[in-house]
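None of the figures in this text is laboratory data; all of them are computed from the coordinates on show. Model, not experiment: these values are computed from the prediction. Backbone-built Cβ (ideal geometry, glycine too); neighbour counts: all protein chains shown.
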Amino acid sequence: MLMTIVAIYTLYVLVSIYVSVMQIGYINEAKNKDAVLLSPSEFVKAASYSVAKEKLSIFTSFFDYIFFIAWMGFGISYLSSNIFFENEVFLNIAIVMGFVIINAVLSLPASYYEKFVLDEQYGFNKSTFGLWLKDTVISFVMTLIFGSIVVWGIYEIISNFSLWWLWSFLFIFGVVVLINMLYPAFRAMFFDKLTPLKDEDLDAKIKELMDKTGFKSSGVFVSDASKRDARLNAYFGGFGKAKRVVLFDTLIEKLSTRELLAVLGHELGHFAHGDIYKNIALVGGMLFIMFGIFGNLPESLYLELGISQEPYLVMILLMLFMPVLGFIMMPIMGMVSRHNEYEADRMGSELGGAGGEIELANALKKLVEENKSFPLSHPLYIFFHYTHPPVIERLRELGVDI
């Protein structure tokens, strides 16, 4: 059984690297052709950035594979035999969180390289080392605190219920929903500074737009995201009365009022169509499959690992295999998500009134320019990775001549 699991993970790594290699080859060929949506120089620059990102992805996939083999071969056994607590709850929490923190530390060099070498080279990084270090420490502390609570919850479920995998799924699914509700508040508390939108005219137009779709929020806020990154973004976060509209200050700076309203109209389209609930349902389905599989693993696997079937081992195996199941499920989730994006584009252009599709198209073009998004991709890469349709296809659906 152990060899089967290693073989599945190996296949996953090989396929993901193959997809990245195909993407690199496709972009390198496409960048020598006529530029699309970008000036010739920006087209080549965006291509170079995309290729660099894929090379980093291949590098991290390779090292993740080495770490996986190490964990399965001796790492889990070594960790469990070198952490001592008489209390079983503390023991399980310490082993699982030790696994999580070790993986987080091992990922720091790649994170640093992406932020301070790759993003710096292409003009995205606005952060300082001190700010990055502060963010990293806060993330570690929050992971330790909230991760320990979640591990404790799953430990109690595994220890007290025969059908533990089903109850664990329901528990984790509840945690996912709670994270979606609290994310804006936590982000504002520890990372971004959120301030109410001061432009009264823009605020009134945004609220008028929200009224058209019945979207109720606790307010429109501006994030000082530019202190970390130059990319443009906006998001709606939370549920019920906790919902917030958050605009990155970079987005307000780069888009005109009508373009900004078109982008928000698109996001409101997601709300009107219930896309956030569809996405959560898809994540729920993935979690259900994952817990169903790992809740019914044969005892022979644990014997091969040389460890008894303890709660911490089940949790570590779940985390090790989460990327595999995510990769398998991504084409399905991607197809649903891309369909939802087209529908949201349509609603966004309609909410914008006359010429709304032009304003949304202009906003999409600016997002491509500012975020240095290469507008072309290999079909296989789109199949496995894209949650949004290629921007060219979105523009065509809006009736815009490329």
Discussion item. How much length would be gained if the chain were fully extended between residue 89 and residue 15, taking 0.36 nm per residue of separation minus their Cα-Cα distance, in nm to one decimal?
Written reply: 22.8 nm
Discussion item. Taking 22 Å as the cut-off for C-alpha to C-alpha distance, list the pairs among 33/372; 205/243; 278/365 that go past it.
Written reply: 278/365
Worksheet entry | Full-extension gain in nm, residue 193 to residue 383, via 0.36 nm per residue minus C-alpha separation | 64.8 nm
Discussion item. Could you list 261, 163, 131 so that the one with the fewest beta carbons within 10 Å of its beta carbon is first and the one with the most is last?
Written reply: 163, 131, 261
Worksheet item: Where the centroid of each part is defined by its Cα atoms, how far is region 200-238 from region 272-346 in Å?
Response: 31
Worksheet item: Separation between the residue 7 and residue 207 pseudo-spin-labels, each 7 Å from Cα along Cα→Cβ, expressed in nm?
Response: 6.3
Discussion item. Output needed for region 241-349: three equivalent-ellipsoid semi-axes, defined as square roots of 5 times the C-alpha gyration tensor eigenvalues, in descending order, whole Å.
Written reply: 42, 15, 12
Worksheet item: Near residue 26, within a Cβ-to-Cβ distance under 13 Å, what is the net charge of the other residues, with Lys and Arg +1 and Asp and Glu -1?
Response: 0
Practice prompt. Quote the FRET efficiency, to the nearest 0.05, computed for residue 297 versus residue 149 with a Förster distance R0 of 30 Å and r equal to the Cβ-Cβ distance.
Written response: 0.75
Worksheet entry | Length added when fully stretched, residue 103-residue 63, from 0.36 nm per residue minus Cα-Cα | 13.3 nm
Worksheet item: If you take the beta carbon distance between residue 142 and residue 289 as r and set R0 to 22 Å, what does 1/(1 + (r/R0)^6) give as a FRET efficiency, to the nearest 0.05?
Response: 0.20
Fill in: FRET E, pair residue 120, residue 397, Förster distance 30 Å, beta-carbon r, rounded to 0.05
0.25
Fill in: region 1-151: relative contact order in percent, alpha carbon pairs under 8 Å with at least 6 residues between
21
Worksheet item: Using alpha carbon coordinates only, what is the Rg to Rh ratio of the chain, with Rh defined as the Kirkwood radius?
Response: 0.98
Worksheet item: Which whole DSSP H helices in the chain pass both tests: a Cα extent of 15 Å or more along the axis and a mean Kyte-Doolittle value no lower than 0.5?
Response: 2-30, 40-70, 88-113, 129-160, 164-190, 275-294, 311-351
Worksheet item: Expressed as a rounded percentage, what relative contact order does the chain have, with Cα pairs under 8 Å and six or more residues apart?
Response: 21
Item to complete: Could you give log10 I(q)/I(0) at q = 0.10, 0.14, 0.17 Å⁻¹ for region 147-265, computed by the Debye formula over C-alpha point scatterers of equal weight, without solvent?
Response: -0.43, -0.68, -0.85
Response to the item:
Ordering 340-348, 7-15, 221-229 by per-residue average of other C-beta atoms within 10 angstrom, highest first, gives 340-348, 221-229, 7-15
Response to the item:
Output for region 44-183 (equivalent-ellipsoid semi-axes, sqrt of 5λ from the C-alpha gyration tensor, Å, descending) is 34, 19, 16
Worksheet item: Which whole-number percentage describes the relative contact order of region 186-236, with Cα contacts under 8 Å and a sequence gap of 6 or more?
Response: 47
